[in-house]
Amino acid sequence: MPKAPTWPLLLVIILPSCLFGCLGRHRHLEDVVYQPCLTGPVPRSRLASADETYRLMRRELDRANRATPAMRAHLLGLLPTLFPGDSREDPPRRCDLEYIESASAEILEQKPVVYSRLLLARVDAIHPFGLLGVVEPHVSFLRMLLELPESELTEYRLMPGEMGPPPPKSHLRYRVLSQLAWGWLMDNSKGASSLVVDRLKTSRDDNELVLLDHASEWVVSREFLPSEKEEGQALVRSWLPDLHARLSGPATPISLEIVLQRIALIGGFDEHPSLGRPIRDLLQDVLRANGEMPITRGIDGAAQDLATIAYESLAWMDRACRSGGCLSPATVFPLRESVGRKVWGRRFLPELPAAEFPEAERRTRVRELEAEFAQLQSWKLRCHVMKELAEHAVHDDAERLFKLVTEPIFIHGKIVSSMETFCRIQVAASFAVVSEDLRVALLLRFFKATREDIVDPPQASGDPWAEADSAAPYYMVGHTAASVLWDNLDWIERHPSLRDWLATVSKENHGVPSSNGRSPIVPNPTLGRLLMFHLSKDPAAEPEVGRSILRAWMETMRAKIGNPDRRKPYEDHVVQIMTLGMFAAQYGMRDEVQAFFDEIEPIRQPAPEGSMITAFSSGYPEPLGLASYLMRRNSGPARAPSSPR
């Protein structure tokens, strides 16, 4: 849903005028004053941590320059993660500028430009969050690639070891757009914002449009800025006929995703004289059909996701969600299996061809990494090395490396609560060549840890690196475990021990905890995955387990919501109430759950006249209307939400 934008930091980045546009097709960075970083002697600074980072970065660069083509692409793609953030030198060392210049020169020297894994690695490497001080050179580099005619680009050239079909030329354009279309970059670069907004208005390519969802939200959110509101209004006005056409058009996952993105944003335009009524009519049409429209046919879960997001957007129009923002099951537990939830807005980008490095090269890489691991002091650099060890571990050596990563997590059987520990558990979970049972067992140790099972990291007196690995709050152990499970939800179906623990703790804490008994900061989709498993035809599914979880939630909420001292009785239970609405009918509990909703129903304000939203409470989003709607929708003939009582 659109929210009032967080005002950007008043950060002014002063760059020499020669930088702006300097990475066009014929200009470079020769006029920029900075000390070399990637060439010449290994840099030295006033900070020991920066010096160690420089040394590792240069060793990795040397390895890249003598590696096989696929390994070189891999290492050069990782190199910017090793650029020191602060060397406190004057003039500064700008590894980022030098990296962009090197990449630009290498690309421009080729006629035509060679389209390969190396080129895509270069694009991925210069993510804007890592280049705070070089916004315009970064944008110019990406613009150069975006505007490169396909006739000047070779077909994708598979490197030795790459398998699978090569990606089309359009993949480069999509990858570049996914980099440009971020609110942070658009806020800080007029070049990026104008380029992306123009693309958003003119593109007819669904693959582009779905990657521009961040840009759509950026433009629409600026409705709250008087000087920018006309642009958002014009964009939404152009969406309305397209939305009608898509809703009655063919059902494809990518078209559906575009519809969901846009419906989630249009509710903020209720007061606009020429937009409010058409938007309301469109949303009510979706709700009358309960999401059962041509665009959702044949896509599992799509109709419910469409209906709940439309309900959410209409609630926004009716002020039901203005104070805190709506939160719907469609975003917490998306049902449409065909849509992956990957980061960086790249859900629909085709994957790169798989690359299999020769075993001898992987063993050499592991030996080099182990030598680095033995001497590095910074936990951040050790984390970098551990990720690479997991990436290149050979099967017959995997368990040894797994122990190398995981054994330091514990001191006398207790978990060390530190940033390095959190890196280690995430790396351990990614060891694909290690038994999944070992990884799940380690995850459960994190989940089951009590306060007494967690200790601070030891810090030797005078240790210059102690500050870099200071103790993290003990409850971050559970947060990190929840994050790991979120990335591996399929473990729930395959591991009974994990399901049993999730069911037990769900009943005890009215939700899957991410912090040893504390409520999750971000709702975790593990709940939905667990409940869906016990509704499945899997021989291990036990519907009674799901029913017991839902009943335990209701008992917990009865006690807490009935407390007269609670000013916002639903604040801790929005996700649980909506989950009850999603699953009650499927578990045969519709009447039981509806009676519970009637029992806890607060004093409700009437919805605006003519609204299809049943009711809402003041001060906080009201989940009962949506939850009741979902129960009706999931049990029997489709019906629109009832009128306010």
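Miscellaneous remarks
- Taking the stretch 493-504 as the range and being surrounded by fewer than 18 Cβ atoms within 10 Å (Cβ to Cβ) and not basic (Lys, Arg) as the test, the residues that pass are Glu493, Pro496, Ser497, Asp500, Trp501, Thr504.
Here is a yes/no grid of residues against (1) crowded, with 22+ Cβ neighbours inside 10 Å; (2) in a helix (DSSP H, G or I):
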{"residue": "Leu256", "(1), (2)": "yes, yes"}
{"residue": "Leu265", "(1), (2)": "yes, yes"}
{"residue": "Pro273", "(1), (2)": "no, no"}
{"residue": "Gln284", "(1), (2)": "no, yes"}
{"residue": "Gly298", "(1), (2)": "no, no"}
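- Selection from the stretch 399-420 of residues that are crowded, with 18+ Cβ neighbours inside 10 Å and without any contact (Cβ under 8 Å) to a residue 40 or more places away in the chain: Leu401, Phe402, Val405, Thr406, Ile409
- Residues satisfying the stated conditions in the stretch 366-391, i.e. of a type in the set (Lys, Arg) and free of Cβ contacts under 8 Å to residues at least 12 places away in the same chain: Arg367
- Residues that are assigned to a loop (DSSP other than H, G, I, E, B) and open to solvent by 10 Å² or more (accessible area, probe 1.4 Å) within the stretch 421-440 comprise Ser430, Ala432, Val433, Ser435, listed in sequence order.
Residue-wise test of (1) of a type in the set (Val, Ile, Thr); (2) within 29 Å of the chain's Cα centre (by Cα); (3) within 20 Å of Thr202 (Cβ to Cβ).
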site: Leu243; (1), (2), (3): no, yes, yes
site: Pro250; (1), (2), (3): no, yes, no
site: Arg277; (1), (2), (3): no, no, no
site: Glu292; (1), (2), (3): no, yes, no
site: Gly301; (1), (2), (3): no, yes, no
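- Any chance Val210 is more than 22 Å from Pro69 (Cα to Cα), part of a helix (DSSP H, G or I), free of Cβ contacts under 8 Å to residues at least 24 places away in the same chain and of a type in the set (A, V, I, L, M, F, W, C): no
- Qualifying residue in the stretch 362-370 (condition: among the hydrophobic types (A, V, I, L, M, F, W, C) and at pLDDT 95 or above): yes
- Selection count, the stretch 582-631, where residues are modelled with pLDDT of 50 or more, outside any helix (DSSP H, G or I) and open to solvent by less than 10 Å² (accessible area, probe 1.4 Å): 4
- Every residue from the stretch 235-268 that is acidic (Asp, Glu) and touching a Phe, Trp or Tyr at 6+ places or on another chain (Cβ under 9 Å): Glu257
- Filtered residues of the stretch 483-495 (kept if part of a helix (DSSP H, G or I) and either within 16 Å of Cys423 (Cβ to Cβ) or touching a residue at least 60 places away in the same chain (Cβ under 8 Å) (or both)): Ser483, Val484
- Filter pass, Ala73 being among the hydrophobic types (A, V, I, L, M, F, W, C), modelled with pLDDT of 90 or more and assigned to a loop (DSSP other than H, G, I, E, B): no
- Residue that is farthest from Leu148 (Cα to Cα) [pool: residues in the stretch 185-196 that are touching a helix residue (DSSP H, G or I) at 6+ places or on another chain (Cβ under 6 Å) and outside any loop (DSSP other than H, G, I, E, B)]: Asn188
- Residues being in contact (Cβ under 8 Å) with a residue 12 or more places away in the chain and polar (S, T, N, Q) - total across the stretch 194-207: 1
- Test result for Arg204, open to solvent by 10 Å² or more (accessible area, probe 1.4 Å), among the basic types (Lys, Arg) and assigned to a loop (DSSP other than H, G, I, E, B): yes
- Positions within the stretch 358-392 being over 30 Å from Ala48 (Cβ atoms) and surrounded by 13 or more Cβ atoms within 10 Å (Cβ to Cβ), in sequence order: Pro358, Glu361, Arg362, Arg363
- Taking helices (runs of 4 or more DSSP H) as the structural unit, those lying wholly within the stretch 85-175 and holding at least 2 residues that are modelled with pLDDT under 90, touching a Cys at 6+ places or on another chain (Cβ under 8 Å) and open to solvent by less than 40 Å² (accessible area, probe 1.4 Å) correspond to 95-108, 135-146.
The values are calculated or read from the model by the stated rules, or taken from the named source; none is laboratory data. Since the structure is predicted, the reported quantities are computational estimates derived from the model, not experimental observations. Positions of Cβ are generated from backbone atoms using ideal geometry, with glycine treated the same way; all protein chains shown enter the neighbour counts. In case anyone asks, the SASA skips ligands and DNA or RNA and just uses the protein heavy atoms, side chains included. Shrake-Rupley method; radii C 1.70, N 1.55, O 1.52, S 1.80 Å.
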